[in-house]
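Structure, as structure tokens:
The values are calculated or read from the model by the stated rules, or taken from the named source; none is laboratory data. None of these values were measured; they are calculated from a predicted model. Because the Cβ atoms are built from the backbone with ideal geometry, glycine has one as well, and the counts that use them run over all protein chains shown. Remember, those area values only see protein heavy atoms, side chains included, never the ligands or the DNA or RNA. Shrake-Rupley method; radii C 1.70, N 1.55, O 1.52, S 1.80 Å.
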Amino acid sequence: MNLSQVACRSCTAFGLVTILSLGKTPLANSLLTAEQLTEPEPTYALDLAFCPRCSLVQITETVPPEELFSEYLYFSSFSDTMVAHARTIAERLIESRGLNSNSLVAEIASNDGYLLQHYKKAGIPVIGIEPAANIARVAMEERDILTVCGFFSEDLARELRDNWPADIIHANNVLAHVADLNGVVRGIGHLLKDNGVAVIEVPYVKDMIDHCEFDTIYHEHLCYFSLSALNHLFNRHELFIQAVERLPIHGGSLRVFVGKANQRSDEVERLLLEEEKWGVGRFEFYQGFGAQVEKLREDLLNVLKKLKAEGKRIAAYGASAKGSTLLNYCGIGRETLDFVVDRSTIKQGYYTPGTRLPIHAPEKLLEEMPDSVLLLTWNFADEILQQQEEFRQRGGRFIIPVPEVRVV
Ligand SMILES: [Zn+2]
């Protein structure tokens, strides 16, 4: 792709600079049925680039959202960590913002209602917006969460605004996924009451670079934000980052509190200054990332090759999007791995994109007792290692690939 013709997703300037190319890969969440195994899979370029004007890190290819999200297979409630994370922030905001039955909490990409359920239980009206029909249905039927099934957009926000102006808008891990970034930010501005607050969580690009989390790069994940890049984006739309927190979730995230009044906490000032010192607004900061990623691939392949040479059996844990990037980029498939396990019942019975590994329930690990398990969902390592206590006591080992390869 000729980068000179690609405009920045945020500031629309041309002149993006390539940081890293991961080659052509299939869509990371497009799991295959047994029937599809005979068909070729479409692949798309996966290149990471930097905008020198507004400092946003982004991928250059945009796959149409309809191809990505219509039968999305990620149910937040399958992770204990996610559910606990959601409850904590809901309880905190109910308390600090004095929310009650006259308030309204909206969530963009509300998934299966894992977050809004905590508000609903406290008697606070909620509305979710979720494009994946099968997931929206679970929110409505099993949790009784009012859910609009569709993509959040400026137009939808205008429609909702009259009847549903929001005191709180949650947007967890969605801003990085939207193609019309500026439209969605304007939409947040429309839907938000004048004194409302949008609580937005995104993976933090600083953590991605520092901890070599290259597998968080996939086609659904269009942008990789720093606070500086977010600041440019919101200010352009008369919205202001009033507070910020760094969170350990998903390998390191930023949670920003965005409102219509131009007031910043000391923490926002401090982190912006810090970012300036680190140089996140300059290409040099990202320059070494590619070499770091290649080194990780080499280390991982060496560990796996050694195990195979010893006649060991290896499986993987977590049929996740990041797992797909890691396996496809490193070229690890059925010659190395016997199968993948995943706790999400909806993924079981499918096959992983590109690498075509069968996906089973986690119980398969105890049944088959492979010698080692490559942990693809390393962001939930604590939770998973705890759940797999018995497997480990019986001698099973886990290979954690990121930030550097280690065996536990
Ligand atoms: Zn830009």
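Quote the relative contact order of the stretch 87-210 in percent (integer), defining contacts as alpha-carbon pairs under 8 Å separated by 6+ residues. Could the numbers behind the result be given before it?
Values: 218 pairs, mean separation 27.9, N = 124.
Over the stretch 87-210, the number comes to 23 percent.
Cysteines without a disulfide-compatible partner in the chain, using Cβ under 4.7 Å as the rule?
Cys149, Cys212, Cys223, Cys330 - these cysteines have no disulfide-compatible partner (Cβ-Cβ under 4.7 Å) in the chain.
Counting only helical runs of four or more DSSP H residues, what would the 222 nm mean residue ellipticity of the chain come to if each run contributes -39,500 (n - 2.57) and the total is spread over all its residues?
-9500 deg cm²/dmol
Below 8 Å, C-alpha to C-alpha, sequence gap of six or more: please give me the relative contact order for the chain in percent. Could you put the intermediate results ahead of the total?
Working: 809 pairs, mean separation 62.6, N = 408.
Reported as a whole number, the value is 15 percent.
For the stretch 159-221, what is one quarter of the convex hull surface built on the Cα atoms, given in nm²? Intermediate values should be presented prior to the final figure.
Details: hull surface 20.2 nm².
Taking the Cα atoms of the stretch 159-221, their convex hull projects to 5.1 nm² on average.
Can you give the FRET efficiency to the nearest 0.05 for Ser96 and Asp144, using r as the Cβ-Cβ distance and R₀ = 30 Å?
0.70
Taking every DSSP beta bridge that has both residues in the stretch 1-129, what percent is antiparallel when rounded to the nearest 5?
Working: 9 of 13 bridges.
In the stretch 1-129, DSSP labels about 70 percent of beta bridges as antiparallel.
With respect to the cross-link table entries Lys322/Lys347; Lys120/Lys322; Lys24/Lys295; Lys206/Lys322; Lys312/Lys364, which display a Cα-Cα separation exceeding 21 Å? Mind dumping the intermediate values first?
Numbers: Lys322/Lys347 15 Å; Lys120/Lys322 32 Å; Lys24/Lys295 19 Å; Lys206/Lys322 17 Å; Lys312/Lys364 17 Å.
From Lys322/Lys347; Lys120/Lys322; Lys24/Lys295; Lys206/Lys322; Lys312/Lys364, over 21 Å: Lys120/Lys322.
Across bins of 10 angstrom width beginning at 0, how are the C-alpha pair distances of the stretch 304-371 distributed, in whole percent?
22, 54, 24, 1
If you scale each eigenvalue of the Cα gyration tensor by 5 and take the root, what three semi-axes come out for the stretch 23-72, rounded to whole angstrom and sorted largest first?
Working: eigenvalues 160, 31, 10 Å².
Its equivalent ellipsoid spans semi-axes of 28, 12, 7 Å.
Calculate how steeply helix 266-278 sits against the longest principal axis of the alpha-carbon atoms of the chain, using the helix alpha-carbon long axis, and give the answer as 0 to 90 degrees to the nearest 10.
Once rounded, one gets 50 degrees.
Could you state the number of Å between the C-alpha centres of the stretch 21-40 and the stretch 319-366?
After rounding, the separation between the Cα centres reads 12 Å.
What part of the accessible area of the chain, given as a whole %, is carbon or sulfur when the probe is 1.4 angstrom? Walk me through the intermediate numbers first.
Working: 8120 of 16920 Å².
C and S atoms contribute 48 percent here.
Net charge within 13 Å of Arg246 by Cβ-Cβ distance, Lys/Arg positive one each and Asp/Glu negative one each, not counting Arg246 itself?
Computed value for this residue: -4.
Quote the charge dipole size of the stretch 204-248 about the Cα centre in Debye, to the nearest 20; the model charges only the Cβ of Lys and Arg (+1) and of Asp and Glu (-1).
Values: 3 positive and 7 negative charges, 44 e Å.
Once rounded to the nearest 20, the dipole reads 200 debye.
Percent of Cα-Cα pairs per 10 Å bin, from 0 to the last occupied bin, for the stretch 340-388, please list those.
All Cα pairs considered, the percentages come to 23, 58, 18.
Among rounded, prolate and oblate, which fits the stretch 1-154 when a ≥ b ≥ c are the square roots of the eigenvalues of its C-alpha gyration tensor, a/c under 1.5 means rounded, and a/b larger than b/c means prolate? Spell out each step's value before the answer.
Working: a/c = 2.62, a/b = 1.52, b/c = 1.72.
It comes out oblate by the Cα gyration axes.
I'd like the orientation of helix 181-191 relative to the chain: the angle between its Cα long axis and the longest Cα principal axis, in ° from 0 to 90, rounded to 10.
50
Would you kindly give the portion of the calculated P(r) for the stretch 104-175 that falls above 16 Å, as a percent of all Cα pairs? Intermediate results must be reported in sequence, preceding the final value.
Details: 1023 of 2556 pairs.
For the stretch 104-175, the fraction of Cα-Cα distances above 16 Å is 40 percent.
Would you mind telling me the antiparallel percentage of the DSSP bridges in the chain, rounded to 5? Walk me through the numbers before you get to the answer.
Details: 28 of 56 bridges.
The antiparallel proportion sits near 50 percent.
Obtain the nm distance between the two label points defined at Asp80 and Leu301 by a simple spin-label model: each point lies 7 Å from its Cα along the Cα-to-C-beta direction.
With each label point 7 Å from Cα toward Cβ, the separation is 3.7 nm.
Any idea of the accessible area per residue across the stretch 99-181, 1.4 Å probe, to the nearest Å²? Walk me through the numbers on the way to the answer.
Numbers: 3260 Å² over 83 residues.
It amounts to 39 Å² per residue over the stretch 99-181.
For the stretch 270-387, what is the per residue volume of the convex hull drawn over the alpha-carbon atoms, in cubic angstrom? Please report the intermediate quantities before stating the final value.
On the way: hull volume 16.7 nm³, N = 118.
Here the figure is 142 Å³ per residue.
Could you do me a favour and compute the accessible area per residue for the stretch 356-408, 1.4 Å probe, result in Å²?
On the way: 2430 Å² over 53 residues.
Spelled out: the 1.4 Å probe surface of the stretch 356-408, per residue, equals 46 Å².
How large is the direction-averaged shadow of the alpha-carbon convex hull of the chain, in nm²?
Values: hull surface 78.7 nm².
The number I arrive at for the chain is 19.7 nm².
For the stretch 219-316, report the accessible area per residue in Å² (1.4 Å probe, heavy atoms, rounded to an integer). Before the final figure, lay out the partial values.
Numbers: 4560 Å² over 98 residues.
Result: 46 Å² per residue.
Order of 391-400, 350-359 by packing, highest average Cβ count within 10 Å first? Walk me through the numbers on the way to the answer.
Numbers: 391-400: 15.2, 350-359: 21.8.
Order by mean packing, descending: 350-359, 391-400.
Where the Cα atoms of the stretch 324-408 are projected onto their three principal axes, how long is each span, largest first, in whole Å?
Sorted largest first, the three principal extents are 32, 29, 22 Å.
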